[in-house]
Structures are given as C-alpha cells and as structure tokens.
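These notes concern the structure reproduced below.
No value in this document is a laboratory result; all are computed from the given coordinates. Model, not experiment: these values are computed from the prediction. Note: ideal-geometry Cβ built from the backbone for every residue, glycine included; neighbour counts use all protein chains shown.
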C-alpha cells in the first residue's frame, strides 16, 4: 500500500487533498474540501464563474494563499515544508493582469527569477535570448519597456518570465483575458506547443469554455468553491452527470450552431 | 537711489559667495540627512502600520513648531548635551551655528520625504506587488526592487517639497549664529537697509526655484525612464551646488571671527573692529546677527574671537546680578568675574554707554512736566509703552516697576527699528530706548532721568575669547579704539545707517569708516 502510493506520487505533479479556505467577508472566492490530482505533463484547465474559487485554488499551489485545512503537495513534497519564496521561484506563474514590472525592461523582467536564484550574468543573458525566441519575440524587444509593447507581446513576456527558471509547474491565471480574440488564439496555440516541448505541468484558469475545450487535457469545473465535475473535454461534453456542467459545456456548441445557421442564411 | 550702482547692492554682492555658500552647504546637508534618516524610517513604517501612525504623528507635530522656535530649541538642547559629553568624555562641541541649524532643518526635511515615501509605496498597483511575491521575491526584495523604484516619482516630489522648505527656513538659522542668506534679511531689518532685505529674499527664492526646477527635471527623467536626461539633470544639480558653495567655503578662512548681535550699532562696531584688524594686516571675518546670550556663549566657547558687549547685559544676563554701586565698580567687577569664570578677557571700554533709557517726545514730556521716571510714574497709568522683544522679561524692567511703581495701560513689543517712529508719531507714549541711538536726536526725544538708579550702566566693552588676550597682534590692533568712541559719534554713526536727518542711508561698513576717520582725526589733534 505504502509503495503503491509512492509510485503513484511519482506520476503526480500536484496533489491537493481536502483543501478549504474561507474568508471572513463571506463565501466569495472560498474553496470547500477540494481534492485534485494533476499528473506530471498534464495540461489542466479550471473553469467556473467569477467568485467560484478558481483563483484561490490556483494560489494555494504556490502558497500565495494558505488553505485553512487540507494539504497541497508538489512532486510528493508538502508545500508548507518548503520556504514559500523558494517554492514560488520553482513554480512559474502567469498573472491575470500580466503583472510585468513597468520600471524594468523586457530582458530584466524575464531575468527576474533566475536573478533571484543567483544565476550568473552570462547564463541569464543566454537564457533571455533563448526565451525571446521560444515565445517568438524579437531580440530587439529585450531593451524595451512593457508600456511600449502590445497586449499580446506583453503576455508573451509574461510567459517567458514564468518559465525562465525552468520550472516543472506553470500556473496561469486567466493569462489571455486581456488580449484580443485573434491574438489570443495564437498565444494559446503557441503556449500549448511550449507546454509539450518543455514537458511542463500546466494549471490554467479561464472562463472561456472554448479555450478550455481546445487546450486542455483535462477540465475541472468549479461552482461555489467545489469541483463539481472533471474529465477530458470529450467526457464532459458527452457524459457529465451534472446538469450545470452539461449546460455549461453545451454553450460553445450552441454558439457554433448559431454562427453556422447565420452563415447558411447569408449563403441563401 | 542709483539702482544697480547703489553701494548697498555692491556690498550685498560682495557678501554673496560667503552667505550663499554657507546656505547651500547647510541646506544640502539637511536634505541629505533627511533622506538618510527618512527613508529607513519610512521603510520601518511601511512594515508596521502601528509604527507608521506614531511616526507620522510625531514628525507632523515637529512640523507645526515654527522654524525659528525649532532652531532656538536645539540650542539649549545641544548646550546641555555638550556639557554632559564634556563632563563624561572630555568631548566638547559647539552648540551654535551649524549643528543646531542642521538638526532643526533635518527634522523639517524629513516629513515630506517620509510621507511621500509611504504614500508612494502604498499606492503601487496591488497586481504588481502580487507579481513580485509570485515570482519569488521576499517582502524586502519586493520593497527594494519593485515598490520603492515605482514610488520614486512620488518620493522625488517629497524631496522637492523638502528642498524648498529647507532652503526657505535656512534663512532663520542666522539667529543661532549660522551664516546664511538670512544674514541679509536680519541685518537689513536692523539697519533699515531694505535693499539687503530684498536681496536676501530674492536670493533665497531664486535658489529654491532653481533647485526645485533641477529636482523636477530629475523627477521627470525618472518617470520617463530617460537615463540620459537623468544623468544631465543630476550633473546640472551637482554643478549648481558646487559652483554656489565652493567659493564661499574657500573664502571663509578669516583668521579672527568677530561676532555681532542683531542691531545696527553692533553691525557698525563689528565692521569697525574688522577694519582695524585688516588695517593692522590681520585677516578677519564677521559672524553677524547672533542672539544676545548666544553671542557670549559663542565667545566663551571659542566660536568667535571677539565682539562688543555692554556691561549691563553681562551684569544682569550672564552674572545674574541686579544691585550695583557705580559704573567703574561694575566694570572692574565684571572684568575679574569673566576672567575667573570663563577665561574671557574684558579688553577695555570703547568710551560710550548704550543703556536702556525711557524716552518720550520732548514737547509732550515738557507739556506734561515729566523730567524723571518718578514724574512719569505719577501719570503712566494712562500711557502705553513699547520696547524691544527682550526688555519686558529683563530684570531692569522688574527693577523699574518695583522702584518707581510704574504701571502702564498697555505694553507692546516692537522691533527697535519701528519703536522710535511709533513714539514720534504719537502712537506710543513711552519707549525703552537705547541711549546711543541716533534716532533719539532725529525724532527729538528726551531721555528721562533715573534718580533711583534702577537701570544699570551699559558701557560698551570689547570682549576677547579665552586665549586671545595673549595675542599681541590682536591687542595692539584694537588698542587705539579704547575710550575713543564718544556717545555723540556713536549716535551719529548709528543715524547714518538708518538714513536719518536727511542723510542718504549708508552701510554699516561705511558708517564704521566714518567712525574710524573721526577717531583718527581726534588722535591727530591730540
């Protein structure tokens, strides 16, 4: 039994057991008794309405928030046994409002975590160039400041910053929310490629269901602080036992049907 | 007034390197110290909200103390501290001049720096702060690498406010013996030299505006991340500071330092002493505008080498005596006392008295039949009296009230400059005048006799700092002045500086030259 657990943990990048977090102000953003295992290399997307607790759940993984109850482990290690700043340096994080440091150049923003980890300047410079190529930004943009970049370019920098110190886990909090739809699709596709190539484990939050369906290996649906269902996009689309989930998952298809109908009408 | 070529303007420009240099040195030191203490305190305040409340409260309170009072408070504080350290470690320092000014101004500069640093850091976008923690920064790294840099424009705005305040308030440091642009204002006010007053105000204002503009360009370079602009603006600031402060510092190497209290006669006498020393080939500079007791302490502490004081002032304020027998007895007793208690040498008397004396308009006094203070006491209940800011708290005033039973309808404090005019205009009935003041003749005032001798003698005497009595070069240079300044000459010289009797107003230095010539002529005729 013990050895079986150990073997299983080897495969599991993130293990959340019975995590709860409540706030004095009320139930908004609280999470209730959540358990979730995420396999190494998996791309999991958490969907749910605003206030359903998605962001709270994500932040328990790198201890931006500590739960009141339950445990969180990354690769078998309880996160509370590690110094939180060290933990955060080992986990990439892409922020909702991008969160680039406006007083630092693109290169300096990307280099921030390697610098905190004490990498030498040559290694950092090489890594910055490598990352600019990886996220498909021009080398010239290295010396620019964030406010001279477009929204899409900024989030590419955000992704580069998150993966700069070669983390095995990347957390993404509505990463493409502030970007126009066309750029958004390109960004999402590019990141999905990076995720595979770098063998990352990615936990992403979105309320865009289409994005979730197209990107995710697995989707977890949250409502009022609980995970009401989880499975592959296919499973949730076809076989969810929950009315709420089925209804939610059907939305993109209904929209697609309406678009198709309009197109057909226009063709007549 | 012949405008630009007015001798007062030339005189003002001649003093500019010294005054401006010292002013800039003082202000810059205070602002740098304000940053040095203000920033760490602000950081501590940011980490503890409770400490923040206390900190802002205390500094805010210090801010409400008027500048002059704050400066004055540091003087006794430092004096006490100096006594303690000299008793404990044999370490003595000057409680005058630079140090109290620096401390008071540092306190002044700290509030805007502190408040803006705290406001600036608290105002940094929460998403950015979260990102700093999220990428793995410790709270301190977040503060130093992200929050403080982002708050920099706000902090710089605080530094600008501090700079303008400090440059303005530094003019008041003249009163505690620190040379500054305030010397123009204090001297000008006392000698009715409005060109000096204006010159001092304009110079301080230009300096403040210039520094503010330079700091503003640093601020906008920071905000616009214009590194080249930042370097240029910083270089320009350093250049302005260096150019304005270096000549003054280089030129302040006068060997003998002559003190002066803040009124016209003192400025004339300080100039007279300086001219005597210069004529004898000795280098000398002036430390003008020292408060009454401040001047004596400065001499005893060796901060100044010589100045002119009055026997009555030493008798009452320094020795705390009231009863006296005669001029001569007071003089000799003071000489012995100063020597034994402070090592200060009473070099000799200049030959005139500048005593407090009650004065009225002559025609009024004659009409009312008032010749003496006794006569006055019978009618004074309906009268108003004006005196300088010190008089009503001095022992002489208590003695007068006791001995004659003097009572007035009201008592007013006035600058000496305005006092004479007020009594001449009939706005005030009686003033506590200075017996050597030229304006007594100018406004046709009469000094009331003091038959009970309540007012002590006020012989003008030259005092030398400990050790200077053995300085033969100095004593030889000063010897010709002893008993050479009659009260008539002193009154005339004083009158010259106030531009009375239809004469054009002259500077203290020119009045001193006139006095020196008069003394030389007398010497020839002997």
Please work out the Cα center distance from segment B:322-346 to segment A:37-110, rounded to the nearest Å.
-> 84
Note the direction-averaged projected area, equal to a quarter of the hull surface, for the Cα convex hull of segment B:380-506, in nm².
-> 10.1
How far is helix B:487-498 tilted off the main Cα axis of chain B, in degrees rounded to 10, range 0 to 90?
-> 40
Take every residue in peptide B:134-144, count the Cβ atoms of other chains within 10 Å of its Cβ, and give the average of those counts.
-> 6
Inter-chain Cβ neighbour average for residues A:157-166, partner chain, 10 Å | 1
Whether chain B is rounded, prolate or oblate, judged on the alpha carbon gyration tensor where a/c under 1.5 counts as rounded | prolate
Along Cα→Cβ, 7 Å out, is where each label goes; now give me the distance between the ones at residue A:247 and residue B:119 in nm to one decimal.
-> 5.0
So what is Rg over Rh here for chain A, counting just Cα atoms and using Kirkwood for Rh?
-> 0.99
Which distance in Å, rounded to a whole number, links the C-alpha centroids of segment A:156-200 and segment B:389-415?
-> 86
Each label sits 7 Å from Cα toward the beta-carbon; between residue A:35 and residue B:194 the label points are separated, in nm, by 9.3
Per Stokes-Einstein, at 10 °C and 1.306 mPa s, what whole-number D in µm² s⁻¹ belongs to segment B:80-219, with the Kirkwood radius over Cα pairs as the hydrodynamic radius?
-> 88
How do B:240, B:159 line up, fewest other C-beta atoms within 10 Å first?
-> B:240, B:159
Taking the Cα atoms only, what angle lies between the long axis of helix B:264-279 and the longest principal axis of chain B, rounded to 10 degrees?
-> 90
Over segment B:165-283, consider all pairs of different Cα atoms and compute the Kirkwood hydrodynamic radius from their mean reciprocal separation; express it in Å, one decimal.
-> 16.7
Ignore the peptide's own chain and count Cβ atoms of other chains within 10 Å of each Cβ in B:122-133; give me the average, rounded.
-> 4
Hey, can you rank A:128-137, B:505-514 by average C-beta count inside 10 Å, highest first?
-> B:505-514, A:128-137
Could you sort A:107-113, B:115-121, B:314-320 so that the peptide with the highest average Cβ count within 10 Å comes first and the rest follow in order?
-> A:107-113, B:115-121, B:314-320
Residue A:192 to residue A:264: FRET efficiency via 1/(1 + (r/R0)^6), r the Cβ-Cβ distance, R0 22 Å, to the nearest 0.05?
-> 0.10
Å³ per residue of the Cα convex hull, for the protein assembly as shown?
-> 278
If R0 is 45 Å, what FRET efficiency do you get for residue B:470 and residue B:398 from their C-beta distance, rounded to 0.05?
-> 0.70
